[in-house]
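The values are calculated or read from the model by the stated rules, or taken from the named source; none is laboratory data. None of these values were measured; they are calculated from a predicted model. Here the Cβ positions follow ideal geometry from the backbone for every residue, glycine too, while neighbour counts run over all protein chains shown. Only protein heavy atoms, including side chains, enter the accessible area calculation; ligands, DNA and RNA are left aside. Shrake-Rupley method; radii C 1.70, N 1.55, O 1.52, S 1.80 Å.
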Amino acid sequence: MTETRSLDRPSEAVQAADAADAAEALRAALAAEAEARGGALPADLLVFGADIPERNLQDWSRQPPVRPLALARPRSTAEVSAVLAACARAGLAVVPQGGLTGLVRGAHPVAGGVALSMERLTGVEEVDREGATMIVRAGTPLHEVQAAAEAAGLFFPLDLGSRGSCSIGGNVSTNAGGNRVIRYGTARDQVLGLEVALPDGTVVNALNRLVKNNTGYDIKHLFIGAEGTLGAITRVALRLQPRPAALDVALCALPDYAALLSLLAGLRARFGPGLTSFEAMWDEYLDTITSTFELRRPFAAAHRFYAIVEISRFGAGEDSRLPDALGELMEEGLIEDALIAQTEREAAEFWKIREIVGELRQKAGPLVSYDIGLPAGVTDRFVETSAARVRAQWPDAMHLAYGHLGDNNLHLIVRSAACGAAQPRDGFDRAIYDTVREFGGSISAEHGIGTTKRPYLAHSRSPEEIAVMRLVKRALDPQGRMNPGKVVDPEG
């Protein structure tokens, strides 16, 4: 058996080790695991050094790439367990990777460690129509989960712009939000149970499929939103919903922020849980997006605020009530103009204005994006204050605001053209996160903490909360090998 190296700070220790010796130690540890388990492991389970694909060297945060010691691509929970146990034997850090669409370096590998990719651990294992549940493997892309639910006559409501590439395990590990949180909640609210492999390779099967199961600690919540720092999620039991008979989508133009809030309240009062999306966009955002991507402006006149509204209808043959509702709200002076999609193509054109923002860096160049939570009543004042503070230091700065207003989630994009490739991220972070703290908000609404937000965790969480996080981390990962450096420093 290979001697386990105790790592107080695993990434530093691994980086200092000789790469050839570390690779040999990992191979030997994996062989020992295979022998102990009584079976061979696939020859292609691990790849090393230059054979590691470039895509696994970084996530969507676009920070400088890091080449890990090895990349593991398991096809089963048993193989995930074997890899983690071998890394424990060899004293190596492990970084779980899903679709690599994260923006906070949560899946960024560490030098000398092992990147644990779930890209081969895919597939929908079971759909229970009567129970409205589904069991899926962690690497399954979100759009495949959605398609499997639809094929069964059901609906999986979690929805993100990256649905074609993000994985369900990554969604759960980061507690992803998306476009329909206002009605269905975050990823956490879609999970009934899960299976997870702990840092030492122990597999915990908590694949509960019961909505009501009040039997002590609900273990799944330790791992949802933990960003792979406590273990690797391998399978998930998901809760499905009735499939809407129709979706009504409209784009509304509003004169001011008070009208935007009143529109939200008015739609909630009229449609209740039928209101499944409410996406707010400030004028600078819409102007920048339409001009940058040469999209047709939806309205001839300029307006201060815009909102994409989605209403779900469940009754077969039920007529849409959205036109009448918007007409009433327009008579009240809340809406200046509105367009109601008559076809799925028109609805997709409205949503494109909101979702194409993920491609902005390819057109505009390096930028810094923010995902924050704020009480709806102060959000516009926050935007004005944040923009003023950023532009006091960088007068030419782009400061785009948009987000899921109905669930208190604001997104910002900041860029100084004068700074070119060297965007002053640290300066932007201080200006924005200090303002978030002043307004009583959260530094992360749905993207997680990773490494980029860890220095500001205390802006949103109390010392006592952070102390509890450290206790949990030390209990489940005493050597600090699991996704080291992410979320919280176990040593304080």
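Details
- Accessible surface for segment 443-492, divided over its residues, is 45 Å² per residue with a 1.4 Å probe.
- Highest mean first, the peptides 265-275, 294-304, 166-176, 371-381 sorted by other C-beta atoms within 10 Å per residue fall in the order 166-176, 371-381, 265-275, 294-304.
- Sorted from longest to shortest, the spans of the Cα atoms of segment 194-306 along the three principal axes equal 60, 35, 27 Å.
- In the frame of its principal axes, segment 129-244 has Cα extents of 42, 30, 24 Å, reported largest first.
- Label sites at Gln362 and Ala269, each approximated as a point 7 angstrom past Cα along Cα to Cβ, lie 4.4 nm apart.
- Two-site FRET efficiency, Asp256 against Arg55, from Cβ-Cβ distance with R₀ of 56 Å, rounded to 0.05: 0.80
- Dipole in debye (nearest 20) - the chain, about Cα centre, beta carbon charges: Lys, Arg +1; Asp, Glu -1: 780
- Proximity of backbone amide H atoms, modeled 1.01 Å from N, is registered between Ala206 and Leu194, Glu195, Val196 at under 5 Å, excluding neighbours fewer than 5 places apart on the same chain.
- Sparse-neighbour loop sites [trypsin sites (Lys or Arg not before Pro); segment 32-129; at most 13 other C-beta within 10 Å; DSSP]: Arg62, Arg129
- Potential lengthening between Met330 and Arg304 on full extension [0.36 nm per residue; Cα-Cα distance subtracted]: 7.8 nm
- Amide proton proximity set for Cys166, modelled H, under 5 Å, gap of 5+: Leu142
- Of every Cα-Cα pair in segment 313-439, the percent that sits beyond 22 Å: 52
- Loop-located chymotrypsin sites (Phe, Trp or Tyr not before Pro) in segment 168-232, at most 15 other Cβ atoms within 10 Å (DSSP): Tyr217
- The simple Förster model, with R0 at 51 Å and r as the Cβ-Cβ distance, assigns Arg430 and Ala43 a FRET efficiency of 0.55.
- Within the full protein context, the accessible area of Lys352 is estimated at about 100 Å² for a probe radius of 1.4 Å.
- Share of Cα-Cα pairs in segment 279-377 lying beyond 19 Å, as whole percent: 53
- Pairs of Cα atoms farther than 42 Å apart, the chain, %: 20
- Spacing of the two label points (7 Å from each Cα toward its C-beta) at Ala20 and Lys352, in nm: 5.6
- Folded to 0 to 90 degrees: helix 77-90 orientation relative to the chain principal axis, Cα: 60
- Segment 104-115 - phi-based ³J(HN,Hα) in whole Hz, Karplus 6.51/-1.76/1.60, Gly and Pro as x: 10, 6, x, 10, 5, x, 10, 4, x, x, 10, 8
- Efficiency of FRET from Cβ geometry, Ser165 and Asn205, R₀ 30 Å, rounded to 0.05: 0.60
- Estimated D of segment 312-364 in µm² per second, where Rh is the Kirkwood radius over Cα pairs and Stokes-Einstein applies at 4 °C, 1.567 mPa s: 94
- Using alpha-carbon coordinates, inclination of helix 425-438 to the longest axis of the chain, degrees: 70
- The accessible surface of the chain, taken with every protein chain in place and a 1.4 Å probe, is 50 percent carbon and sulfur.
- Per-q log10 I(q)/I(0), segment 380-466, q = 0.17, 0.18, 0.22, 0.24 Å⁻¹ (Debye; single scatterer per alpha-carbon; no solvent): -0.74, -0.83, -1.19, -1.35
- In the structure shown, the pairs Lys363/Lys486; Lys352/Lys486; Lys212/Lys486; Lys220/Lys486 are assessed against 26 Å; a Cα-Cα span above that value is assigned to Lys363/Lys486; Lys352/Lys486; Lys212/Lys486.
- The angle between the Cα long axis of helix 379-393 and the longest principal axis of the Cα atoms of the chain comes to about 70 degrees, rounded to the nearest 10.
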